[in-house]
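Undergrad: Would you mind keeping the following structure in view while I ask a few things?
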Amino acid sequence: GYQQALYDTRQVGFSSRGIATGRVDLRTRLRGSFGVPFTDNRATHLLEPSIGYALVQSTSQGGDPLFVPGTEFPQQRLRQFDLDNRTLDSADRVARFNGVTLGLGNRFYGTSGVDTTPRLLGDVRLSTEYDFSRTDVNPLYVEGSLLPGGGISTRFIGGFDPDDTVVKEGLAEAGWSSPEGHDVAFTYRYLRDIPLFFESFRNAPGRFDHFNGSFDRANQLSL
């Protein structure tokens, strides 16, 4: 595709920006079954390996008016899991990109009790990305949820940077909900580099009993 933006302002005058984009995916699905441990039930495993490529042309944008600024903290994990977030950026400053994403999806379906209708038991996705324009490997991300039944649910997210050998982010959540609608959940969340919109904490210290000016990451428990 090709997108063209035309600008006309009193301060800058007429300006234009044209960017070529490309996007292609190749994926397949493999299916198998296995016995569920400690039960007589069987589960179906749907495996979906994929490879995706996206291109955003590098072009001069310095003279364009800035009506729609880019996000301060790009959601790297979301962009990596869905490359459309690369090519459909609506900002007036669009970062170049030329990379390949490798992904592996896993879905598990099974039955429980007297109900013979298969339901989703778990969904786990892995992804890594290589950006040719920066010649580096992006973090390895894993994201998923498990629904074993009985109102129990779990959710997890992990991001590991192989270049710096550090954990970029993590989330682990376990919860239970009753048929009446009551629920309880325990969550742990970690972000090595917090989004810059957390900087607003510095402008509103009265909202916090104790504020540390060196606050630069999230490491929290919640119930």
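Undergrad: Quick one: what Rg and Dmax do you get for segment 35-135 from the alpha carbons, in Å?
TA: My reading of the Cα-based Rg and Dmax gives 20.3, 67 Å.
Undergrad: Compute the label zone of Ile152 within segment 7-36: residues whose backbone N is under 16 Å from the point 7 Å along Cα-to-Cβ.
TA: Answer for this model: 36.
Undergrad: Along each of the three principal axes of the Cα atoms of segment 110-180, give the extent in whole Å, ordering the values from largest to smallest.
TA: Computed over the Cα atoms, the extents are 53, 21, 16 Å.
Undergrad: Moving on to the next point. State the Kirkwood hydrodynamic radius of segment 11-56 in Å, one decimal place, computed from all pairs of distinct Cα atoms. Don't jump to the answer; show the numbers that get you there.
TA: Numbers: mean 1/r = 0.0650 Å⁻¹.
After inverting the mean inverse Cα-Cα distance, the result is 15.4 Å.
Undergrad: Counting only protein chains, not ligands or nucleic acids, how are Arg192, Arg134, Arg29, Arg107 ordered by accessible area (probe 1.4 Å), most first?
TA: Working: Arg192 75, Arg134 130, Arg29 165, Arg107 105 Å².
So the residues, ranked largest to smallest area, are Arg29, Arg134, Arg107, Arg192.
Undergrad: Leu6 to Ala174: extension gain in nm, 0.36 nm per residue of separation minus the Cα-Cα distance? Can you show the working numbers first?
TA: On the way: separation 168, 0.36 × 168 = 60.48 nm, distance 4.92 nm.
Length difference between fully extended and current span is 55.6 nm.
Undergrad: Given the rule -39500 (n - 2.57) for each run of at least 4 DSSP H residues, summed and divided by the residues of the chain, what is its mean residue ellipticity at 222 nm, to the nearest 500 deg cm²/dmol?
TA: Numbers: 3 runs with 14 residues, N = 223.
Rounded to the nearest 500, it is -1000 deg cm²/dmol.
Undergrad: Residue separation times 0.36 nm, minus the C-alpha to C-alpha distance between Ala95 and Leu66: what's the value? Working shown, then result.
TA: Details: separation 29, 0.36 × 29 = 10.44 nm, distance 1.41 nm.
Residue separation times 0.36 nm, minus the Cα-Cα distance, leaves 9.0 nm.
Undergrad: Which whole-number value in Å² is the accessible area per residue of the chain, probe 1.4 Å? Spell out each step's value before the answer.
TA: Details: 14440 Å² over 223 residues.
Each residue of the chain exposes 65 Å² on average to a 1.4 Å probe.
Undergrad: Gain in length, Val124 to Ser145, computed as 0.36 nm per residue apart minus the alpha-carbon separation, to one decimal in nm?
TA: Working: separation 21, 0.36 × 21 = 7.56 nm, distance 0.65 nm.
Contour length minus Cα-Cα distance gives 6.9 nm.
Undergrad: Net charge around Leu30, counting only other residues with Cβ within less than 13 Å of its Cβ (Lys, Arg = +1; Asp, Glu = -1)? Spell out each step's value before the answer.
TA: On the way: positive: Arg27, Arg29, Arg31, Arg107; negative: Glu48.
Here the count lands on +3.
Undergrad: Let me ask something else. Rounded to the nearest 10 Å², what accessible area does Asp25 have for a 1.4 Å probe in the complete protein model?
TA: Counting only protein heavy atoms, the figure is 70 Å².
Undergrad: Counting only protein heavy atoms and using a 1.4 Å probe, what share of the accessible area of the chain belongs to carbon plus sulfur, as a whole percent? All intermediate terms of the calculation are to be shown ahead of the outcome.
TA: Details: 8040 of 14440 Å².
The computed percentage sits at 56.
Undergrad: A further question follows. I need the peptides 126-132, 171-177 ranked by packing, meaning the mean over residues of other C-beta atoms within 10 angstrom, with the highest value on top.
TA: Values: 126-132: 17.6, 171-177: 14.4.
Final packing ranking: 126-132, 171-177.
Undergrad: Separate question: Using only C-alpha atoms and all pairs of different ones, pull out the Kirkwood radius for the chain in Å with one decimal. Write out the running numbers ahead of the final one.
TA: Working: mean 1/r = 0.0472 Å⁻¹.
Value: 21.2 Å, from the Cα pair sum.
Undergrad: I've got another one for you. Go ahead and run the numbers for FRET between Asp161 and Asp40, Cβ-Cβ distance against an R0 of 45 Å, rounding to 0.05.
TA: 0.55
The values are calculated or read from the model by the stated rules, or taken from the named source; none is laboratory data. Values in this document were obtained by computation on a predicted structure and should not be read as measured data. Because the Cβ atoms are built from the backbone with ideal geometry, glycine has one as well, and the counts that use them run over all protein chains shown. Accessible surface is based on the protein model in full, side chains and every heavy atom, while ligands, DNA and RNA are left aside. Shrake-Rupley method; radii C 1.70, N 1.55, O 1.52, S 1.80 Å.
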